[in-house]
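The values are calculated or read from the model by the stated rules, or taken from the named source; none is laboratory data. Computed from a prediction, not measured in an experiment: that's the story for all the values here. FYI the Cβ positions are ideal-geometry reconstructions off the backbone, even for glycines, and counts take in every protein chain you see. Areas reflect the complete protein model, heavy atoms only, side chains present, ligands, DNA and RNA absent. Shrake-Rupley method; radii C 1.70, N 1.55, O 1.52, S 1.80 Å.
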There are 4 protein chains.
Amino acid sequence: TLQHLFKQIFKASLELQEDDNSKALLVSRKKHPENTVVDLRGEKVGDGTQRLIMGPCAVESYEQVVTVAKAMKERGLKLLRGGAFKPRTSPYDFQGLGLEGLKILKQVADELDMAVISEIVSPQDIETAVEYVDVIQIGARNMQNFELLKAAGSVNKPVLLKRGLSATISEFIHAAEYVVAKGNSQLMLCERGIRTYEKATRNTLDISAVPILKQETHLPVLVDVTHSTGRRDLLLPTAKAALAIGADAVMAEVHPDPAVALSDSAQQMDIPQFNEFIDELQASGLYKG
Amino acid sequence: TLQHLFKQIFKASLELQEDDNSKALLVSRKKHPENTVVDLRGEKVGDGTQRLIMGPCAVESYEQVVTVAKAMKERGLKLLRGGAFKPRTSPYDFQGLGLEGLKILKQVADELDMAVISEIVSPQDIETAVEYVDVIQIGARNMQNFELLKAAGSVNKPVLLKRGLSATISEFIHAAEYVVAKGNSQLMLCERGIRTYEKATRNTLDISAVPILKQETHLPVLVDVTHSTGRRDLLLPTAKAALAIGADAVMAEVHPDPAVALSDSAQQMDIPQFNEFIDELQASGLYKG
Amino acid sequence: TLQHLFKQIFKASLELQEDDNSKALLVSRKKHPENTVVDLRGEKVGDGTQRLIMGPCAVESYEQVVTVAKAMKERGLKLLRGGAFKPRTSPYDFQGLGLEGLKILKQVADELDMAVISEIVSPQDIETAVEYVDVIQIGARNMQNFELLKAAGSVNKPVLLKRGLSATISEFIHAAEYVVAKGNSQLMLCERGIRTYEKATRNTLDISAVPILKQETHLPVLVDVTHSTGRRDLLLPTAKAALAIGADAVMAEVHPDPAVALSDSAQQMDIPQFNEFIDELQASGLYKG
Amino acid sequence: TLQHLFKQIFKASLELQEDDNSKALLVSRKKHPENTVVDLRGEKVGDGTQRLIMGPCAVESYEQVVTVAKAMKERGLKLLRGGAFKPRTSPYDFQGLGLEGLKILKQVADELDMAVISEIVSPQDIETAVEYVDVIQIGARNMQNFELLKAAGSVNKPVLLKRGLSATISEFIHAAEYVVAKGNSQLMLCERGIRTYEKATRNTLDISAVPILKQETHLPVLVDVTHSTGRRDLLLPTAKAALAIGADAVMAEVHPDPAVALSDSAQQMDIPQFNEFIDELQASGLYKG
């Protein structure tokens, strides 16, 4: 029983140390009270001005991307998203254009002076990707792909980390810590809906995660309204909620012709719908862009 | 196989009929495109002006209720909530003051010209309750207590129906149909968070349910920010999100001294916090009250 | 701050008392180490012999019930279930034959010397029901209909309580306590699947709940394989798992012609399937009946 | 509208093709009716004899592994699991011994003629790993790390794929297809509990997934009772349920001294508990090993 006692003391010490570690997380606001502001080719995220990040689900062609990008530019938007490496449930679904897609994004971004956000899915692609993108996105399915997190933490390029499909907020924060612990503090967090029993929406937007993440960390917090809801008719109302609750940016998908999109056609806006979306957000007073 | 064929046709016909039934739901906006507006002693819910419904979790005494009610009155609020019959997980928890609680609520409401919302948990109490309350609330645990729904549908008194802990939106709408099918169309729906794996909040506020319920039904839609989050620090941000997304009213709990409250002490605001809550909502431009 | 200190002490005392209450639950095995054995017209549940409870989802006619009951009797089964009051999601679905259904069940049970289990949904029906049924079933949707639990706890008749769709095991145990606290200790618990994101089955059978409930309480624990899975092809394998893990009884639904059943046609066995089910269970060595 | 019509036809054709693809999955039993049998150094999984796979959560030292392995060997067990690369929620938790751990496992396995199962977390480690392990395990967090799946599909070494924390059965099957589509058909699937609201267990063991996966695919199906429950007291009852429902193998963790284990101490058995576990399984008649 003396041995048992020592074990208990040992365990208690371990727990105490873990608790200290948790308080000492680099992403924690307790450790670093000021907001982290990420600079994307001159457009700041996290500085108090709320931003919109838009673009097609998947990059399909130069024409497709440039059409969306020009529409965005006309409305003063500068942050362009687009998928080149697409993690898909089935190996027989469209997997993205890969490096070709990144090149298209970079070409459009350079022509129109925009910043590019694109998902990377493999540690060995990170080094190549930094030449083409302004933000490395790590997707929901890879939130606990710790090798990828470490690789993204080892480069000098902003990272956008999406919450896993069934990740707790605590697990999300610890995944973020993997990136920052490697030396890269240019990190943004993105709530994108969690998996629940409710099937009226593709996922359930956990809107309360936004103020919690803002309290617990010093990082910018985004809301992806497209993947949260999976429904075009809910993009506008959920974007309003996200801005009202204090999100630093809202992400949504736009495609010149969603009906023929190679992925996620039911949830992307076309260009007129995109313009209406911006109009309505501005009219609500919630978006000052 | 001919018999099998007939069965298939029979089943297909049944499904077709069910589909028609669903389109023909009395609560459906397809059936009744205009918004239902519920009148609570002159205060309308559902008419485009967003309301606040506040008050203590449980009625404990006349002094407790009148203190909260006076603070509300000073800020122009008229809709007073308070629990007299408390459904509690354990039979040994405080179960509410019962009829005595309803009498206290009515006395305060009469003195200050306010309207009272209180939960009723048993069909046989409905008849008594209508003499004391302005709105019969049916709680989350009773959303599919169909006998209670039918009893509430049989009286001439507005009803507030809360979404069940793990009810789908479709089940919620069908539960509402039980009330209206009995003849009572003075019905309001209330999103109050759903049960998920995430434990940072007491429940997960399903904010997307608000625009879906507004589209699918013609009924006023409320958001209970207290039970959704279970955290005092999230009441203000989630109230902003609820107003931004188009909720007809927001519910939240206020107690003169939450620390000694007989139920849910961690999630109720005290009077200064209540005043700050109203100030902040008004400053945000989201609440015009 | 002295006042604050007193409040803290007051709260701590409350929590201590709640903790004591929890240890002192009447259903707790700590309080009452021996297994409760429930006697249903001579057939015991909880005595170590594993039982099967079968019958149609809903009572539709005398012929329907007697056909199933005779098939059961031939295989030595004595515990007959059948729904007379059916809680249904939509008010326009078949709601059961009500009292007429209970009379049919009693007639068949008397003719064949079987025991009847049937769900009651309203406190005021309990008194009538005890004249017709041998077990009052309280369904998943009513697990926290505390008025119904109290009414069932006030009569001298065995009760079968089903776990709520999203009830925790702790909430389930506290719901059971409502019945026993009123004086009725002839209580059985039934796991029937919980609501999760997975849609391959109607619900997710939480098989681990069986050993937990057996450890924490002294009550018999049943598994309803029909509602857990909603799939006829999973009834046999899940019944084997339930018996292997130590369930005191397994419930499953049988209908003479499932394709024309007025409810839940996809999940009921017909008579030949029922016989095969019994054959297979016996062949596995898991069912000794 | 003619254009619209063509789009609809195009989309319908796409869906039809996807449906065909789904029927044509390489892992589908429709495509390949016979059971896949995986051979692990002479011990077969999937041939109708049910196996046990055991060992420590994480490899800590040669002494630790050899102690467990000898105990296993004495009971006739040959399949040794142990973690060398540990994916951990926090970057500050013990991350495993890495390659050193694999070497320890191989040494013990060679000395005692056992087969080694160990998790690999990065595509670039696969090539090294095949020299040390007999089975490449892909963990729950990496179930949709498609680059890792493809890498594991490209080597000639059996793979054990664990179900993701909130993966549907359909997603699990499609993840398996990624491996087999690359040419490696020596694949085993492992149910290890899903994330739900219930917190009495670490995860919720979805026991029904076993017969569904056996029906839908021709692959061996395993159940990891340790991670499903996270509770030592539930390992035996859930192992019984897994064997009764037809799992091809059961996985569970054993540690010479769980109290000082560097990970998951609360859920591992010590050696005497391991022996009792085997004794009880054999006594139940469910385990013939």
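Between D:Gln107, D:Gln124, D:Gln64, the GNM of chain D built on Cα springs shorter than 10 angstrom shows D:Gln124 fluctuating the most.
For chain C, take N as its residue count and report Rg(C-alpha) divided by 2.2 N^0.38 Å. Mind dumping the intermediate values first?
Values: Rg = 19.6 Å, N = 289, 2.2 N^0.38 = 18.9 Å.
Scaled against compact globular proteins, the figure is 1.04.
Considering the rotation that superimposes chain B on chain C, the residue of B whose beta-carbon lies nearest the axis, and that distance in Å, is B:Ser166, 2. Remark: segment A:191-199, residue by residue, has Karplus-estimated 3J(HN,Hα) of 6, 9, x, 10, 7, 9, 6, 6, 10 Hz, where x stands for each Gly or Pro and the curve is 6.51 cos²θ - 1.76 cosθ + 1.60 at θ = phi - 60°.
Compute, for the protein assembly as shown, the length of the dipole vector about the Cα centre, with Cβ point charges of +1 (Lys, Arg) and -1 (Asp, Glu) only. Units Debye, rounded to 20. Before the final figure, lay out the partial values.
Working: 132 positive and 152 negative charges, 1 e Å.
Charge dipole, the protein assembly as shown, about its Cα centre: 0 debye, nearest 20.
Greater than 24 Å separation of Cα atoms is the criterion. Which listed pairs, A:Lys214/A:Lys240; B:Lys106/B:Lys240; D:Lys199/D:Lys240, meet it? Show your work: numbers first, answer last.
Numbers: A:Lys214/A:Lys240 18 Å; B:Lys106/B:Lys240 30 Å; D:Lys199/D:Lys240 22 Å.
Pairs exceeding the cut-off: B:Lys106/B:Lys240.
Shielding by partners for peptide D:234-243, expressed as the average number of C-beta atoms from other protein chains within 10 Å of each residue's C-beta, is 6. Annotation: amide H of C:Arg51 within the under-5 Å range of C:Ala249, C:Val250, sequence separation 5 or more or interchain, hydrogens built in the peptide plane. Ligands, DNA and RNA aside, B:Asp248 has an accessible area near 10 Å² when probed at 1.4 Å. Loop sites only, by DSSP: take the GluC sites (Glu not before Pro) in chain A that have at most 11 other C-beta atoms within 10 Å and name the longest stretch containing none of them. Between the exposed loop sites, the longest stretch runs A:132-289. Highest mobility in the GNM of chain C, judged by mean-square fluctuation with C-alpha springs under 10 Å and restricted to C:Pro91, C:Pro211, C:Pro158, is found for C:Pro91. The GNM of chain D, with springs linking C-alpha atoms under 10 angstrom apart, assigns the highest mean-square fluctuation among D:Lys199, D:Lys103, D:Lys78 to D:Lys199. A 20 angstrom limit on the alpha carbon distance is what I want to check against. Which of D:Lys78/D:Lys288; A:Lys162/B:Lys162; B:Lys31/B:Lys78 exceed it? Exceeds cut-off: A:Lys162/B:Lys162; B:Lys31/B:Lys78.
Where only DSSP H runs of four or more residues are counted, the protein assembly as shown gives -11500 deg cm²/dmol as its mean residue ellipticity at 222 nm, each run worth -39500 (n - 2.57). Position C:His32: other-copy label points at 4.8, 5.5, 5.8 nm, ordered by increasing distance, label point 7 Å along Cα→C-beta.
Taking all protein chains into account, the per residue accessible area for segment A:34-283 stands at 29 Å² (1.4 Å probe). Summed over both chains, the accessible area lost when D and C associate is about 2300 Å², using a 1.4 Å probe. Residues of segment A:197-211 whose accessible area (probe 1.4 Å, heavy atoms of protein chains only) drops by at least 10 Å² once all protein chains are present, relative to their chain alone: A:Tyr197, A:Glu198, A:Lys199, A:Ala200, A:Thr201, A:Thr204, A:Leu205, A:Asp206, A:Ile207, A:Ser208, A:Pro211. Within the assembled protein chains, the solvent-accessible surface assigned to C:Tyr92 is about 100 Å², based on a 1.4 Å probe. A point 7 Å from Cα along Cα→Cβ stands in for D:Lys70, and the other copies hold the same point at 6.8, 7.7, 8.0 nm, listed in rising order. If you take the Cα centroid of segment A:223-247 and the Cα centroid of segment D:219-267, the two points sit 41 Å apart. Considering only D:Val250, D:Ala261, D:Val130, the residue lying farthest towards the positive end of the dipole of segment D:129-287 is D:Val130, judged by Cα position with unit charges set on Cβ.
Taking 27 Å as the limit for the C-alpha separation, the pairs A:Lys157/D:Lys103; A:Lys70/A:Lys103; C:Lys30/D:Lys70 exceed it in the case of A:Lys157/D:Lys103; C:Lys30/D:Lys70.
Treating the beta-carbon of each Lys and Arg as +1 and of each Asp and Glu as -1, no other charges, what is the dipole magnitude of segment C:34-284 about its Cα centre, to the nearest 20 debye? Numbers along the way, then the final one.
Working: 26 positive and 34 negative charges, 83 e Å.
Rounded to the nearest 20 debye, it is 400 debye.
Could you work out what % of the accessible surface of the protein assembly as shown is carbon and sulfur, using a 1.4 angstrom probe and leaving DNA, RNA and ligands out of the count? Each step should come with its number before you reach the end.
Details: 20350 of 41010 Å².
Taking all protein chains in place, the protein assembly as shown shows 50 percent carbon and sulfur surface.
Summing charges over neighbours of D:Leu102, with a neighbour being any other residue whose Cβ is under 14 Å away from its Cβ, gives -3 when K and R count +1 and D and E count -1.
Under the rule a/c < 1.5 gives rounded, and otherwise a/b versus b/c splits prolate from oblate, where does segment C:24-124 land using the Cα gyration tensor? Oblate shape, in that a/c is at least 1.5 and b/c is the bigger or equal ratio.
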